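Contents: one structure, followed by commentary.
The values are calculated or read from the model by the stated rules, or taken from the named source; none is laboratory data. What you see is a predicted model, and the numbers here were worked out from it, not measured in a lab. Cβ atoms come from the backbone with ideal geometry, glycine included; neighbour counts cover every protein chain shown.
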Amino acid sequence: MSHPIYEIAKEQFAAVGVETEAALQALDKIPVSMHCWQGDDVAGFEAPEKAGAGNGCVATGNYPGKATNPAELMADLEQAAAHIPGPLRLNLHASYATDGSPLPERDELTVDNFRSWVDWAKAQQFGIDFNPTSFSHPKAEDGFTLSHQDAGIRQFWIDHCIACRKIGAVIGEELNNPVVNNIWIPDGYKDTPADRFAPRERLKDSLDAIFAADVSKKWNIDAVESKLFGIGVESYTVGSSEFYLAYAATRQIALCLDAGHFHPTESVADKISAALLYVPELLLHVSRGVRWDSDHVITLDDPTTAILQECVTSGQMERIHVGLDFFDASINRIAAWVIGTRNAKKGLLKGLLQPTQALREVELAGDYTSRLAMMEDARSLPWGAVWNEYCERQDTAGDNQWLGAVKAYESSVLSGR
Ligand code: RNT
Ligand code: ZN
């Protein structure tokens, strides 16, 4: 039996031509890829001298209770997932290799080093996504990896990326669920470079060498992620937006749009339709920059909601992979996952509940008055009732119902770490 509040909401949406049941069915088919790195401030499980922030990934805060080993991270992910309705994927970084002692160097990693994660994902019925880790490593210390002037260092990172693509293909086939494999590198200069061309040329050649390796396109979907700037890399980022848009388009691989990697006045939502005319697929790193690429937990603010809405209203959802990329070490990390991932799903639901058809009709008729009026009135339609109904049907806590359990886990488990 549906909740009476939902039944009223359903009628209100029907009055503007939106079927809430269809929206809920569609939402249930869109997985959100939850990033493992929110659970331990991007530390990973390698030797301590490599662990921790570095080269552009900076988690700030020292809230107690972070995961320090695979068992803790898996348990924490399970806690978070219990409060998130609908399908999830696990987004793994290569630095979270679990199996093998000692672990091989990054250029020699194989799927055997991720066996525990694969088994865990199977048990959770999660797909897996993957990322080479080209930072927090002695060979990335001077801030350059795939575009390094030293051919030996470039080769190390090329080999690491190839190893990761092979791991992705094996995992994808094993789970019968393709892995999105995303390359992001920190390369760039703090101050004005004397040569902007050569590092980009080297990056292009390195990427070509990585993608020349024969890896199943069916089970491993390659993506590349651009960036505007990072702390310590303020003046020049080798893998800029133009660089990767052109690269992904000419190589027909997926482009990753991280919401924090553009100037704050740019609309990332607006880039989706433009890019999808030229690249086969998109990966989103849904994040929230506060003044800069700060990786705050995503809220349902206007820019974030617009990205998620555009995924579905564009009609291109099948070519878009929704991944999350935030890391806040100043609040309970499980709550951070729950808040951010629920918000990603809420944003998608809000898109599915837009009266898109009716809006397009008035737009084509040139009736922009109606378009604005209908869009604004749609904001106050009772989408929250539809969301809570979804949670209930998924046997997941509705809004204002889940925090107690997260706090209890904090007292019973996290505070003992
Ligand atoms: C860094 C990129 C990258 C990382 C993760 C950990 O600016 O956004 O995606 O955040 O790979
Ligand atoms: Zn990112």
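Being outside any loop (DSSP other than H, G, I, E, B) and either within 16 Å of ligand 1 (Cβ to nearest atom) or within 20 Å of ASP293 (Cβ to Cβ) (or both) is the filter here; which residues of segment 249-266 pass it?
Step one: of segment 249-266, the residues outside any loop (DSSP other than H, G, I, E, B) are 249-251, 254-258.
Passing the criteria: ALA254, LEU255, CYS256, LEU257, ASP258.
If you filter segment 226-258 down to residues that are among the charged types (D, E, K, R) and surrounded by 23 or more Cβ atoms within 10 Å (Cβ to Cβ), you find that the one that is farthest from ARG202 (Cα to Cα) is ASP258.
As for segment 291-303, it holds no residue that is under 22 Å from ASP208 (Cα atoms), surrounded by fewer than 22 Cβ atoms within 10 Å (Cβ to Cβ) and away from ligand 1 (no atom under 12 Å from the Cβ). The residue of segment 323-364 that is surrounded by the fewest Cβ atoms within 10 Å (Cβ to Cβ), among those that are within 16 Å of ligand 2 (Cβ to nearest atom) and of a type in the set (Asp, Glu), is ASP328. Close contacts from segment 350-366, counting a first residue that is farther than 9 Å from ALA378 by Cβ and a second that is not in a helix (DSSP H, G or I), with Cβ to Cβ under 7 Å and a gap of 6+ residues or different chains, come to GLN357/GLY17; ALA358/VAL16; ALA358/GLY17.
For beta carbons closer than 9 Å, sequence separation of 6+ or different chains, a first residue in segment 293-317 that is farther than 21 Å from ILE339 by Cβ and a second that is within 16 Å of ligand 1 (Cβ to nearest atom), the qualifying pairs are GLU310/VAL268; GLN316/LEU282. When the residues of segment 141-166 are filtered to those that are small (Gly, Ala, Ser) and modelled with pLDDT of 95 or more, the one that is nearest to ASN220 (Cα to Cα) is ALA163.
From the set of residues in segment 281-306 that are assigned to a strand (DSSP E or B) and among the hydrophobic types (A, V, I, L, M, F, W, C), which is farthest from ligand 2 (Cβ to nearest atom)? It would help to see each step written out before you state the result.
To start, the set of residues in segment 281-306 that are assigned to a strand (DSSP E or B) comprises 282-286, 288, 296.
Right, trim to among the hydrophobic types (A, V, I, L, M, F, W, C) and you get 282-284, 286.
Working: LEU282: 13, LEU283: 9, LEU284: 9, VAL286: 9 Å.
That would be LEU282.
Applying the condition of being within 16 Å of ligand 1 (Cβ to nearest atom) and polar (S, T, N, Q) to segment 148-185 and asking which residue is farthest from LEU284 (Cα to Cα) yields ASN181.
Residues that are in contact with a Lys or Arg (Cβ under 8 Å, 6 or more places away or on another chain): find the helices (runs of 4 or more DSSP H) completely inside segment 365-417 holding 2 or more of those.
On the way: elements: 368-378, 383-393, 403-412.
Qualifying helices (runs of 4 or more DSSP H): 383-393.
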